[in-house]
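Report on one structure; see the data block that follows.
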Amino acid sequence: NRLKIYSRATGQVTTVPSLPNIGPFYGYLTPKGAILVGLNGVVYDWRDGVLVAPHDSNPLNSGTSLTVTGDYAIYSFASTLVLRDLVAGQSTVVTLIAGNWKNDVGTAGEVVYWSNVGGYNVYRYQGSKTTQLSADAGLWNTYPLTDGKNVVYRKHDPCCGAQRFGVALHDGSGETML
């Protein structure tokens, strides 16, 4: 049960150090190594041969909250959503009110997330600025995805029962139902 990284360019195989008594659950390759989640739910960044836990022993609030796109990763514990620059090795708290999973990050580090605080709405975080993208009194807006410019997300009746679902697109200037 050892995680190894094979370089197609050099043919070199590098073994990632074992996570103490917790093994890797899943992870992603990064420009500096790998970012992974241990069986204990904690995020580990193995970069330039050093294994670090950016948020000590805080376990993720969902087994699948770690998401990676390009040089950036996002993950959440409790309702805290974190953006990690995988090249610089720096983490930024995006928000303290994020939904527990199915948030997204774009290739330039823009983050889209949903929150149930003050209604179920979708937000975009870019360079320390947060913008609310949805605003519905009677619908929930959840599970956003981004290509860096556009954001798509689910719009639906409140939980639980006979729900109706739709998909909305926000292009930066307004929302369109698809």
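The values are calculated or read from the model by the stated rules, or taken from the named source; none is laboratory data. A quick note: this is a predicted structure, and the numbers were derived from the prediction, not measured. Positions of Cβ are generated from backbone atoms using ideal geometry, with glycine treated the same way; all protein chains shown enter the neighbour counts. Note: accessible area is taken over every heavy atom of the protein model, side chains too, but ligands, DNA and RNA are not part of it. Shrake-Rupley method; radii C 1.70, N 1.55, O 1.52, S 1.80 Å.
Structure summary
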| read-out | value |
| --- | --- |
| Filtered residue count, region 147-172, keeping only those that are more than 24 Å from the chain's Cα centre (by Cα) and either closer than 20 Å to Gly109 by Cα or not basic (Lys, Arg) (or both) | 5 |
| Search result, residues across region 1-26 that are assigned to a strand (DSSP E or B), over 15 Å from Pro59 (Cβ atoms) and open to solvent by less than 80 Å² (accessible area, probe 1.4 Å) | Ile5, Thr14, Thr15 |
| One residue from Thr130, Thr146, Thr92, Thr107 being open to solvent by 30 Å² or more (accessible area, probe 1.4 Å) and touching a Gly at 6+ places or on another chain (Cβ under 6 Å) | Thr107 |
| Tabulated pairs, region 1-30, first within 11 Å of Trp46 (Cβ to Cβ), second outside any loop (DSSP other than H, G, I, E, B) and open to solvent by 70 Å² or more (accessible area, probe 1.4 Å), C-beta under 6 angstrom, 6+ apart or interchain | Thr15/Lys4 |
| Region 42-72, residues that are in contact with a Leu (Cβ under 6 Å, 6 or more places away or on another chain) and either among the small types (Gly, Ala, Ser) or in a loop (DSSP other than H, G, I, E, B) (or both) | Asp71 |
| Failed item in (1) under 24 Å from Ser128 (Cβ atoms); (2) among the charged types (D, E, K, R); (3) surrounded by fewer than 13 Cβ atoms within 10 Å (Cβ to Cβ), with Arg84 passing the rest | (3) |
| Of the criteria (1) under 30 Å from Gly127 (Cα atoms); (2) of a type outside the set (Ser, Thr, Tyr); (3) free of Cβ contacts under 8 Å to residues at least 40 places away in the same chain, which one Asp45 fails | (3) |
| Residue that is least open to solvent (accessible area, probe 1.4 Å) [pool: residues in region 110-127 that are among the aromatic types (Phe, Trp, Tyr) and in contact with a Leu (Cβ under 9 Å, 6 or more places away or on another chain)] | Tyr113 |
| Residue match in region 48-61 (condition: under 25 Å from Thr146 (Cβ atoms), out of contact with any Ser or Thr (no Cβ under 8 Å at 6 or more places or on another chain) and touching a residue at least 40 places away in the same chain (Cβ under 8 Å)) | no |
| Residues of region 98-122 satisfying the condition of being of a type in the set (A, V, I, L, M, F, W, C) and either assigned to a strand (DSSP E or B) or more than 17 Å from Leu66 (Cβ to Cβ) (or both) | Val105, Ala108, Val111, Val112, Trp114, Val117, Val122 |
| Filtered residue count, region 81-94, keeping only those that are part of a strand (DSSP E or B) and more than 20 Å from Thr146 (Cβ to Cβ) | 1 |
| Any chance Leu29 is at pLDDT 90 or above and either open to solvent by 60 Å² or more (accessible area, probe 1.4 Å) or under 24 Å from Gly63 (Cβ atoms) (or both) | yes |
